[in-house]
Amino acid sequence: MEGQQQTRKKGKNSAEMLDRLGDLPDSIIHHILSLMPTEYAVRTCVLSKKWRHHWTHVHSLNFKWDTFGGAYYSRPRYSRGRANKFERFVRHVLRCRQPFKLRRLKFHGSRNLRLRNRVFNYALLHRVKELVTDIYDFPPRFLESQTLRTLKVKPLYMLRLPSPFGFAALTTLQLERIRLASADIFSSCLKLEDLLLIDCSFGVAVEVFNISTPQLINLTISDLTVTDYDYWFKSNRRNKKLLVISAPSLKVLYLRGTYPLLLSMNKCKVLDKVSIQMCPPAYCRHNRDNWKQECISDIQRMAEELSHVKWLTISVDVCEESNKAKVV
């Protein structure tokens, strides 16, 4: 008897909680659903007749292959049956969602080129402002988007970024696991203010890489890999990879990468804070006897070029014991 009363009380509390959510203004309900993975937002249609169409008013979409169907895989297991269900679900959402502007789109994991093109064309049509994806080969029309302000790309494997890059209206760009194979891929991003390059690498054929953006304010380059076997294994090799930054509005620079990498700051006169950390690839430290002297000389030249910066830290790992030579 007591157990039945507790069960009845628990059911009553659940009903009251559902009523409280239902009493919220529709705009708040739609915002809450927009913060959820789209799969879960759609499931709320079974709660009641009132909730049947709430999900069609979401301002953001979140499609993730690796969590679709309630499962999670660190590396998505591909199966035709599961892929078909995911693709049907995405098409259903795009077909039923109300034609509002799209504030944010997260799209991960699909191998279907037609589906990917359909999703990005939908985003273009609905004037998407922010995109987070693991896909880097966008339809040509999407590259011309005039509404996209934030783009974050993180493919599963290291991939080459196509050039030209496009996206003239971007203000924030984050790239991870990208091979920078073109000398100047950001020249079209004239409104770019924040640029983050994480775990990227220089293409073997690229000797000089330019970052030329007139409105760039914050630049973060973390774990930049410079693969230059000729420098380490050929004693007569003197050329080094050169990173040229031409950003007259740049105020903050954080750079962490592998040697040999030279930095040239062109027209960066308003820099307030610079932090540079350099180290050689671990497998190459014993293959070039005089690399330490060359590296320290290069670091000193960088410091002289950045002498006008208000806050400057440059460090280089020159020893196996990870002792660092630092210039502050």
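Some notes on this structure:
- Hey, Leu143 in contact (Cβ under 8 Å) with a residue 12 or more places away in the chain, in contact with a Phe, Trp or Tyr (Cβ under 7 Å, 6 or more places away or on another chain) and not β-branched (Val, Ile, Thr) or not: yes
- Taken residue by residue, the range 121-128 has at least one member that is over 18 Å from Thr67 (Cβ atoms), of a type in the set (Val, Ile, Thr) and in the same structural domain as Phe63 (by TED's automatic domain parsing).
- Filter result for Lys85 (modelled with pLDDT of 95 or more and not assigned by TED's automatic domain parsing to the domain that holds Phe186): no
- Near pairs, Cβ below 6 angstrom, 6+ apart or cross-chain, from the range 176-187 (over 9 Å from Arg160 (Cα atoms) and at pLDDT 80 or above) to any residue that is open to solvent by 10 Å² or more (accessible area, probe 1.4 Å) and among the small types (Gly, Ala, Ser): Ile185/Ser163; Ser187/Ser212
- Condition check for Arg127 on (1) in a helix (DSSP H, G or I); (2) closer than 21 Å to Met36 by Cα; (3) open to solvent by 70 Å² or more (accessible area, probe 1.4 Å): one failure, at (1).
- Picking from residues in the range 45-70 that are under 20 Å from Leu94 (Cβ atoms), part of a helix (DSSP H, G or I) and of a type in the set (A, V, I, L, M, F, W, C), the one that is most open to solvent (accessible area, probe 1.4 Å) is Cys45.
- Residue check, Leu173 open to solvent by less than 40 Å² (accessible area, probe 1.4 Å) and free of Cβ contacts under 8 Å to residues at least 24 places away in the same chain: yes
- The set of residues in the range 178-191 being within 16 Å of Leu156 (Cβ to Cβ) and buried (at least 18 other Cβ atoms within 10 Å of the Cβ) consists of Ile178 alone.
The values are calculated or read from the model by the stated rules, or taken from the named source; none is laboratory data. On a predicted model such as this, the values are computed, not experimentally measured, just so you know. Don't worry about glycine lacking a Cβ; one is built from the backbone with ideal geometry, like all the others, and counts go over all protein chains shown. Note: accessible area is taken over every heavy atom of the protein model, side chains too, but ligands, DNA and RNA are not part of it. Shrake-Rupley method; radii C 1.70, N 1.55, O 1.52, S 1.80 Å.
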